[in-house]
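S.K.: Please find one structure pasted underneath; my questions will follow.
The values are calculated or read from the model by the stated rules, or taken from the named source; none is laboratory data. Keep in mind that this is a model prediction, so the values were computed, not measured. As a convention, Cβ positions derive from the backbone with ideal geometry for all residues, glycine included, and neighbour counts pool all protein chains shown.
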Amino acid sequence: MRRRSLRLAVLLAALLAAVGLAQTALVVNGVPVDGSTSALVKGTSYAPAAALASALGARYFTDADTTVVTLQLGGHILEAQVATDPAKASVSGALHLDGTVVDGPAAVMQDGDVFLPVKPVAQALGGSVAYLQKQKTVVVVQPRAQLTGMSVNGSGAGQQLVVQLSAPVGYSRFYNQPVGTLQLHFDRTDVGSGVSGLQGDSFVRADAGSSGDGTDVRVQLAPNTGYHVYSLPDGTGFRVVVTFPPTNTAQAPLPHIVIDPGHGGQDPGINFPGYGSEASLTLAFSQQLQKLLQGRGFDVTLTRTGDYSVDASTRSRDGIGADLFVSIHGAVLPPGQFNAYYLSDASSVDSLTMAIRQNAQSAVQSQDVSALRRRILLGLVPQIDVGRSFADGLGTQLFQNGGYRAAVTTGAPLYVLGGAAGRGVLLEFSPQDLASDTLPAALAGALANLVGAGGATQ
Ligand SMILES: [Zn+2]
């Protein structure tokens, strides 16, 4: 009895020692981060991905099946492949910063949680990393950024305000409606000497000042202008660019609508018994829709006018500059239901699965999809918020115009929508509805309402 408990105690002590060896503490900018470990990959400190991202001030994203995790900080995008077997974490090309490989092992999935290698991730995002042997503690320190300059590019309505930061830091924006002021807040940032307020053509003025632990840039907007903010990596720091699109569109030219009949040629799409191929259904439907919209006074073009194949990049390019780009597909759905997708990073497992399927069918290279996702995450896709309102608006209109119900309305990184950006939607209908007399008229009415009063008779 006694001997047995002694043996247990020895075993327990050995276990504790093993656990102790595996544990390394982690401190980021003076704040402890729980859960770090060097037991996953020998000699490499790993930390829970979401906690590390948050401590670094980065936004954290994961794809549906967690094969890649993404951190976004101050205009920079770090992507890490996720290894399910820690023994396979040490592969080259596992980490990318802004699309370029950086040294370091892959992220590791352990019991459903993703862990990131602390040192390469922190360094890639501008941090310094040190190891305190005695305390078994990894210390990460990120530099404070300096707002080194504000400038204007161009003139008139196309003018941009550019804010220059010396290191990647998190930033947020806020529109103060009552006073018409756009406020950009930069974490852990000081204002450099010599930075002074600016006046512009497309905004009234911009000023930078300290705010708490960071810096605020306040931009007084001119009447009838909106704003669009995006960030770009720039050396070790980044730039934030603000554009000021006019909100008064009374003088807008005739709206241009591009309809994209899915599939064609060697790619027939789904075969619907009794209705033929998806490619032939979408073409006939799109041609009817074109006539109806032309009848309402819109300028309408098709990406495909016969049974031939058109690659995804050509379709996507055709959407550039369009007021509305509508990609038409068939799907196995009950009549009366449809799916509506707009461009965004995946918002759910289903939407990403759908995007992977669509992108794969149109033979889009995965690096092109990654590049598109990076552009989406960086806010480089213009008018991306519009796509969601188009998709939502279509749902409402199609229900009112014919009782059609949106089974799914969601965002997905769909390559074919890249050219049209926020002005693109991809719709999937049942074969019965595509072949019907009623859907073309209902959809034409809904699209005309969405694009606005541009039609000749309205
Ligand atoms: Zn399709």
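S.K.: Among all residue pairs at least 6 apart or on different chains, which show Cβ distances below 7 Å where the first residue, located in the stretch 270-282, is assigned to a loop (DSSP other than H, G, I, E, B) and the second is more than 12 Å from the ligand (Cβ to nearest atom)?
M.R.: Here the result reads Tyr275/Ala435, each pair linking the stretch 270-282 to a residue that is more than 12 Å from the ligand (Cβ to nearest atom).
S.K.: Could you please let me know if Arg188 is in contact (Cβ under 8 Å) with a residue 12 or more places away in the chain, out of contact with any Ser or Thr (no Cβ under 8 Å at 6 or more places or on another chain) and crowded, with 16+ Cβ neighbours inside 10 Å? First the steps, then the outcome.
M.R.: Details: in contact (Cβ under 8 Å) with a residue 12 or more places away in the chain: yes; out of contact with any Ser or Thr (no Cβ under 8 Å at 6 or more places or on another chain): yes; crowded, with 16+ Cβ neighbours inside 10 Å: yes.
Considered against the rule, which asks whether it is in contact (Cβ under 8 Å) with a residue 12 or more places away in the chain, out of contact with any Ser or Thr (no Cβ under 8 Å at 6 or more places or on another chain) and crowded, with 16+ Cβ neighbours inside 10 Å, Arg188 comes out as yes.
S.K.: Hey, could you check the stretch 342-376 for residues that are part of a loop (DSSP other than H, G, I, E, B) and away from the ligand (no atom under 11 Å from the Cβ) and say which is modelled with the highest pLDDT?
M.R.: Ser344
S.K.: How many residues are surrounded by fewer than 21 Cβ atoms within 10 Å (Cβ to Cβ) and farther than 17 Å from Gly262 by Cα when one looks only at the stretch 423-441?
M.R.: Summing the residues that are surrounded by fewer than 21 Cβ atoms within 10 Å (Cβ to Cβ) and farther than 17 Å from Gly262 by Cα in the stretch 423-441 gives 4.
S.K.: I've got another one for you. Considering only helices (runs of 4 or more DSSP H) fully contained in the stretch 384-458, which possess at least 1 residues that are out of contact with any Gly (no Cβ under 9 Å at 6 or more places or on another chain), of a type outside the set (Phe, Trp, Tyr) and modelled with pLDDT under 90?
M.R.: Here the list reads 384-402, 438-451.
S.K.: Which of the residues spanning the stretch 48-70 are surrounded by fewer than 19 Cβ atoms within 10 Å (Cβ to Cβ) and either over 17 Å from the mean Cα position of the chain (by Cα) or at pLDDT 95 or above (or both)?
M.R.: Passing the criteria: Ala50, Ser54.
S.K.: Mind checking which residues of the stretch 286-302 are under 19 Å from Glu428 (Cα atoms), surrounded by fewer than 23 Cβ atoms within 10 Å (Cβ to Cβ) and either within 16 Å of the ligand (Cβ to nearest atom) or hydrophobic (A, V, I, L, M, F, W, C) (or both)?
M.R.: Leu302
S.K.: Could you run through the stretch 95-117 and say how many residues are of a type in the set (A, V, I, L, M) and loosely packed, with under 15 Cβ neighbours inside 10 Å?
M.R.: The number of residues fulfilling the criteria is 1.
S.K.: Check whether at least one residue in the stretch 194-207 is modelled with pLDDT under 90 and assigned to a strand (DSSP E or B), and report yes or no.
M.R.: no
S.K.: Identify the single condition in (1) in contact (Cβ under 8 Å) with a residue 60 or more places away in the chain; (2) surrounded by fewer than 18 Cβ atoms within 10 Å (Cβ to Cβ) that Val140 does not satisfy, given that it satisfies every other one.
M.R.: (2) is the only condition that Val140 fails.
S.K.: Looking only at the stretch 316-332, which residues are within 16 Å of the ligand (Cβ to nearest atom) and closer than 17 Å to Glu428 by Cα?
M.R.: Of everything in the stretch 316-332, those that are within 16 Å of the ligand (Cβ to nearest atom) and closer than 17 Å to Glu428 by Cα turn out to be Phe325, Val326, Ser327, Ile328, His329, Gly330, Ala331, Val332.
S.K.: While we're here: If you go through the stretch 97-146 one residue at a time, how many are β-branched (Val, Ile, Thr) and under 25 Å from the mean Cα position of the chain (by Cα)?
M.R.: Total meeting the criteria: 7.
S.K.: Pick out the one residue from Asp260, Asp307 that is surrounded by fewer than 19 Cβ atoms within 10 Å (Cβ to Cβ), of a type in the set (D, E, K, R) and within 16 Å of the ligand (Cβ to nearest atom).
M.R.: Asp307
S.K.: When only residues in the stretch 317-341 that are closer than 17 Å to Arg304 by Cβ and part of a loop (DSSP other than H, G, I, E, B) count, which is farthest from the chain's Cα centre (by Cα)?
M.R.: Residue satisfying both the conditions and the ranking: Ala322.
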